[in-house]
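Accompanying notes for the structure given below.
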Amino acid sequence: MSRQKKSKGFPIWLIALIVLLGGGAAYFVLHQGGDSSLRTTEELDPAIYYNNANSLRGNTYKINVEIDSALGNSPTKGRLFSVVLKRGDKGGNTAPEILPVLLPPQLGGLTIQKGQHYIMKVKVIEDGLLKVEEASKP
């Protein structure tokens, strides 16, 4: 009886494993790149904001917040919320830092409810109000 010669190519399972690992790596790289605009954005210092918000006008910052309450709604200007700034525990019992944020009509598709956690990119506009440019859940 003659024996059949074995193929010296790659096994199918090895090719499938390489494709799967490549797809996972591509997903990881693309997923990390999604927050690239927030990664390079400076965090807002609430002390400077409270002292003179108008001096920050035109600047863009990143804030890590929890939604406190809805303050108002305008079809032309957007929705106004109060948010509590989430900061790393410094070991002290400090009062919560509450900020006003305006969610423009362009971001009206976001379903925002009290207690939700968001990372937002905000721009300081006239009268020191923080206008949301981007918002994502961590």
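The values are calculated or read from the model by the stated rules, or taken from the named source; none is laboratory data. Keep in mind the model is a prediction, meaning the values are calculated, not measured. Positions of Cβ are generated from backbone atoms using ideal geometry, with glycine treated the same way; all protein chains shown enter the neighbour counts.
Of all residues in the range 75-88, none satisfies being more than 16 Å from the chain's Cα centre (by Cα), aliphatic (A, V, I, L, M) and modelled with pLDDT under 85. Regarding Thr40, is this residue among the β-branched types (Val, Ile, Thr) and modelled with pLDDT of 90 or more? So Thr40 fails the test. In the set (1) within 17 Å of the chain's Cα centre (by Cα); (2) modelled with pLDDT of 90 or more; (3) loosely packed, with under 15 Cβ neighbours inside 10 Å, the condition left unmet by Tyr61 is number (3).
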